[in-house]
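What follows is one structure encoded as structure tokens, with my remarks underneath.
The values are calculated or read from the model by the stated rules, or taken from the named source; none is laboratory data. Values in this document were obtained by computation on a predicted structure and should not be read as measured data. Here Cβ is always computed from backbone atoms with ideal geometry, including for glycine, and neighbour counts include all displayed protein chains.
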Amino acid sequence: MNPTEKILYSRNHPYDAPVLKVKQLNSPDSDKETNHIEIDLSGSGLTYKPGDALGVYPVHHEEYVKELLEIVNATGDESVILDSDDETDLRHALSSMCSLNNITVKFLKLILSKVTDLEKSKELESYIKNRSELTDWDILDIFHKYPVENLKPQELVSTLANLSPRLYSIASSIKKHPGEVHLTVVKVVYEIHNRVRKGVASSMLGERVTPGDRIPVFIKESKFALPDNPATPIIMVGPGTGIAPFRAFLEEREMTKATGKNWLFFGDRKIKTDFLYQDEIEAYKKSGLLTNLDLAFSRDQEHKIYVQNRMKEKAAEIYQWLEDGACFYVCGDAKNMGKAVDLTLREIIQKQGGKTEEETKEYVSQMKKERRYQRDVY
Ligand SMILES: Cc1cc2nc3c(=O)[nH]c(=O)nc-3n(C[C@H](O)[C@H](O)[C@H](O)COP(=O)(O)OP(=O)(O)OC[C@H]3O[C@@H](n4cnc5c(N)ncnc54)[C@H](O)[C@@H]3O)c2cc1C
């Protein structure tokens, strides 16, 4: 290749980036595990802005693939053809190319074609019609309940969905960490059908990669971004891993000497074990970069306190910041936190601004139009 030719890495052509560091952010006695991951982008030509996300292609746990290979009575060396027409071996296909979580209709039909028990066939037929009952199931669950014989490696691979990359909000400013990208990843672990299940990407990043390993990544640009005017005040609500883009925002504002005020609402379970990036956040408060800091640790007292409760306590001041043109950002869990924060923001605007419901809606939609209300919830 011509040395001046620029390689453009993308979702379809990811960059194999070396991992530099993996550090647990919760203390060991926490009931959560959040990891700070540093990845080397130097030499890749990849760059990003605060608010962008990093796409990561995960690999399934070796043990999981081993169990699956035993079940289908294969060695893993069998040759298979992927959707892309590329040829590979079964172990690689199951580890890196196929989703073992998504139960596809094609896969259920394959199992149905192999089972001989009438009762089991009926159950499978009903699942094919309505897969909603299988939302928590993975491929192993199906094989445990519906053991089959004579499954050919190619027919298995052809029925599985592709393993998709996972997105992570970037937790660093490239101005502060040239050639690097940082992530904040909480490990997904839960028990279902008497088996401990681990999230594919979050467990790979948290427990299976070590410095020097390479992982395929790409940048996913986002509209979630700092205001163009460095003097604009910003309010950031980011509990748990929601802190990630705000670490990037704060680093960027520090490096660019932006004059706008910065207010962070952060929370998690317990201050002693779950105050992610505590040293950095406290240092920013001390230096004055963080003008305001409000913390909500839900399990430090009998009654749960969340970021939205802290917002209510500061309702008048939040409204004043909004009136002064502040941008309001929220990042993290969509299901509970994202909704609660949205509701609280609307309540604050309505009460503090003495507005009707209609006027509040208009105020919020105007904020959105001006890109002064941005959400990165997942
Ligand atoms: C734009 C964007 C930014 C993101 N940023 C971050 C970030 O900064 N940090 C971060 O940690 N994550 C972030 N995420 C989420 C991340 O992309 C992954 O979805 C997450 O890490 C889980 O992926 P996984 O491969 O580990 O889990 P998977 O293997 O995909 O498993 C997750 C699935 O397991 C199931 N599940 C989980 N818990 C349970 C339970 N208790 N009971 C039953 N089923 C359950 C659910 O179906 C869930 O979808 C972001 C997502 C988006 C879209």
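Modelled with pLDDT of 95 or more, loosely packed, with under 14 Cβ neighbours inside 10 Å and either hydrophobic (A, V, I, L, M, F, W, C) or more than 24 Å from H193 (Cβ to Cβ) (or both): does that describe V80? No. Scan segment 357-377 and give yes if some residue there is in a strand (DSSP E or B) and either at pLDDT below 95 or of a type in the set (D, E, K, R) (or both), otherwise no. Yes, because at least one residue in segment 357-377 is in a strand (DSSP E or B) and either at pLDDT below 95 or of a type in the set (D, E, K, R) (or both).
Yes or no, residue by residue, for (1) surrounded by fewer than 18 Cβ atoms within 10 Å (Cβ to Cβ); (2) near the ligand (Cβ under 10 Å from one of its atoms):
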{"residue": "A171", "(1), (2)": "no, yes"}
{"residue": "K175", "(1), (2)": "yes, no"}
{"residue": "I215", "(1), (2)": "no, no"}
{"residue": "E221", "(1), (2)": "yes, no"}
{"residue": "P233", "(1), (2)": "no, no"}
{"residue": "E252", "(1), (2)": "no, no"}
{"residue": "M255", "(1), (2)": "yes, no"}
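Results for (1) free of Cβ contacts under 8 Å to residues at least 24 places away in the same chain; (2) in a helix (DSSP H, G or I), shown as yes or no for each residue.
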| position | (1), (2) |
| --- | --- |
| A17 | no, no |
| H60 | no, no |
| E63 | yes, yes |
| L69 | no, yes |
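Out of curiosity, is L100 assigned by TED's automatic domain parsing to the domain that holds Q154, buried (at least 18 other Cβ atoms within 10 Å of the Cβ), under 14 Å from K145 (Cα atoms) and in contact with a helix residue (DSSP H, G or I) (Cβ under 7 Å, 6 or more places away or on another chain)? Judged against the criteria, L100 is not a match. Of all residues in segment 19-58, those that are assigned to a strand (DSSP E or B), touching a residue at least 40 places away in the same chain (Cβ under 8 Å), within 15 Å of the ligand (Cβ to nearest atom) and not polar (S, T, N, Q) total 9.
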